[in-house]
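These notes concern the structure reproduced below.
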Amino acid sequence: MQSAGCGLKLTIFARDDDVWNHRPLYYEIVRRARNAGLSRAIVLRGIEGYGADGIVHTSRLLSLSHSLPLLVVIVDAEDRIRRFVPQLSELIEEGMATLEKVEIITYAPTPR
């Protein structure tokens, strides 16, 4: 069974060494998204990237393989995402997030 609807995708740009209260920042964001009842969240680790400082962080060179880029992506209904966004200002000291309107297609088993 398939259903479709409109929603919002929240993408948070972070680094794998960003922390909040001695825990990885991405862990806290995902935990809070789940506690807020948001439907989907995923953390993706990048192999190369740069931020506002312009320094390229890459997994190709062992000496520079710290502070690799991460994306935390959360998708849900627009009103639910917008209620969640203010929590990020408490968690993120420096960084960026984007919001994009998306069409959500959900797949589920067909009842027999």
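None of the figures in this text is laboratory data; all of them are computed from the coordinates on show. Everything numeric here is computed off the predicted structure, so don't read it as measured data. Here the Cβ is made from the backbone with ideal geometry for all residues, glycine too, and neighbour counts use every protein chain on show.
A compact globular protein would have a Cα radius of gyration near 2.2 N^0.38 Å; the ratio found for the chain is 1.21. Here the relative contact order of the chain, from alpha carbon pairs under 8 Å that lie six or more residues apart, stands at 46 percent. Longest stretch of the chain clear of exposed loop sites (GluC sites (Glu not before Pro), DSSP loop, at most 15 other Cβ atoms within 10 Å, sites excluded): 1-92.
Amide H contacts of R15: L70, each under 5 Å away and 5 or more positions distant or on a separate chain (H built 1.01 Å from N in the peptide plane; Pro and chain starts excluded).
The 3J(HN,Hα) values that the Karplus relation (6.51, -1.76, 1.60; θ = phi - 60°) gives for region 7-21 are, in residue order, x, 10, 10, 9, 10, 10, 8, 9, 10, 5, 9, 5, 10, 9, 6 Hz. Gly and Pro appear as x.
With the biggest extent put first, the Cα atoms of region 72-112 measure 49, 18, 16 Å across the principal axes. With θ taken as phi - 60° and the Karplus curve 6.51 cos²θ - 1.76 cosθ + 1.60 applied, the whole-hertz 3J(HN,Hα) list for region 86-95 is x, 5, 5, 5, 6, 8, 9, 7, 8, x Hz, x standing for glycine and proline.
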